[in-house]
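This report concerns only the one structure given below.
The values are calculated or read from the model by the stated rules, or taken from the named source; none is laboratory data. Quick caveat: nothing in here was measured; it's all calculated off a predicted structure. We place every Cβ from the backbone using ideal geometry, glycine too, and count neighbours over all the protein chains shown. These accessible areas exclude ligands, DNA and RNA; they are computed on the full protein's heavy atoms, side chains included. Shrake-Rupley method; radii C 1.70, N 1.55, O 1.52, S 1.80 Å.
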Amino acid sequence: MSELDFLEAKDLSFSSESDFFQYITNDVDLDDVDGNVNLIGSVSDYLTKEEFVQALDNGFETIWSTDDLYLLAAHTGSSSIPYYVYLDEDFPVFLTTANITDEMPGTIENFLKSDPNLGRFWLSMEQMELLRAEISREYDDLIIPFFTGHRSEYTEIPAEKRDEIDRTVSYWGEDGRQAYKEMRTKYGILPTNLVFERPNHFKFGIKQEGVFKHQGGSITETWELYRSERTRKSRVKNAINSGGYDTDARSEQFEGRTISGSRPWAVEMDEAMSTDPLESFVPHISEEEMEFSVAGYKAKPNTPGFDAQLVDTNSYGSTKLRGRRKTIRVYPHQGSGIDQHFRIYNFVQDHFDPACRAVEV
């Protein structure tokens, strides 16, 4: 029990999620914890907290619970991996000492990917760039000792060197803050993984999958950055949930019969889509990290627009997209889930318009 309860929170009561993180800040020395502490965001489409708690049984054993805080154990072979989860109806947050490379994929990642009512806390490359700029403006003495960046052909980001090349960059060095800016200008990259360090204050990393990795000092800055991103995601989630797929909608033409029907949500852009992202749509949406395959695609450059059918490589759920000028409508189909739709929104943000907005149709 003591090994699993690495925050020593058993039998304590917390009035809110903020109260819980205040306890961690004031009363827990995270530097004494065996391993790094990772904050993992998630998205829940369950209607109640009780339904989410029931879903936890599919991946975890509940060790104990206090109000909205649960301590869980994920069992892999002879090992038990601890996960705290603080319940939020839309965005439950997990804390764990699980290793990102070896222990998370078979536990928390599998749990969030295998349930259509759950999703990962995806960050687009454009949003990663906004977070980088935001925290860099706040702290003059900030260091970025590590980052990875990616560039896709036809991206809107200009590049001085061979802008037709897809590229991925990994960089270690105390001058990473300056080096990133140079590589963005010269090679047109956007970040996919970032580590922020303010000497004697904090050090943490952010991955696109919504993993915030505490590496030293205060956890407050990590928590505040996560909370600001959660506020933005709430607006996107509300738009996504305005769409849906009904398998038993009543037919207006044939009395007594039911039909299947899809209600779209949409992504709006400031300007009409250009031909470049239409030409590169299939190779980019098919990249391994997007977790989609393309069942059908037809560009309409004279409109401009496109029609596409995507299949999720995890759930095999299908989603149709219909793009026309400044709007891309997203039509859910049976088997598609919240994780899939956040990936679609992030794809539009990265490859069509970084200022796009998720809206109700």
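A few remarks follow.
- Summed over qualifying helices (DSSP H, 4 residues or more, each -39500 (n - 2.57)) and divided by its residue number, the chain shows a 222 nm mean residue ellipticity of -8000 deg cm²/dmol.
- With the highest mean first, a sort of the peptides 176-189, 193-206 on other beta-carbon atoms found within 10 angstrom per residue produces 193-206, 176-189.
- Subset of K207/K233; K161/K207; K161/K181 violating a 18 Å alpha-carbon distance limit: K161/K207
- Principal axis dimensions, largest first and in whole angstrom, of the stretch 275-359 by Cα: 33, 24, 22
- Once backbone amide H atoms are built at 1.01 Å from N, E360 has no partners under 5 Å, excluding neighbours fewer than 5 places away on the same chain.
- Shape call, the stretch 1-120: gyration tensor on alpha carbons, a/c limit 1.5: oblate
- 17 Å Cα-Cα reach of K10 towards aspartates and glutamates, excluding residues that sit fewer than 8 places from it in its own chain: D19, D27, D29, E61, D67, D68
- Kirkwood hydrodynamic radius (C-alpha pairs) into Stokes-Einstein, the stretch 154-203, 37 °C and 0.692 mPa s, D in µm²/s: 270
- Accessible surface of the chain, 1.4 Å probe, proportion on carbon and sulfur as whole %: 42
- Taken along the Cα-to-beta-carbon direction at a fixed 7 Å, the label points for S65 and E174 span 4.9 nm.
- Sequence-distant residues sharing a close amide H with G188 (under 5 Å, placed H): E160
- Gained length - E289 relative to E8, 0.36 nm times residue gap less alpha-carbon distance: 97.6 nm
- The equivalent ellipsoid of the chain has semi-axes of 35, 29, 16 Å, largest first, where each one is the square root of 5 times an eigenvalue of the Cα gyration tensor.
- Between D57 and S228, the simple spin-label model (points 7 angstrom out along Cα→Cβ) gives 4.1 nm.
- Mean accessible surface per residue for the stretch 43-197, computed with a 1.4 Å probe while every protein chain stays in place, in Å²: 45
- Estimated FRET transfer efficiency when R0 is 45 angstrom, pair Y297-D27 (beta carbons, to 0.05): 0.25
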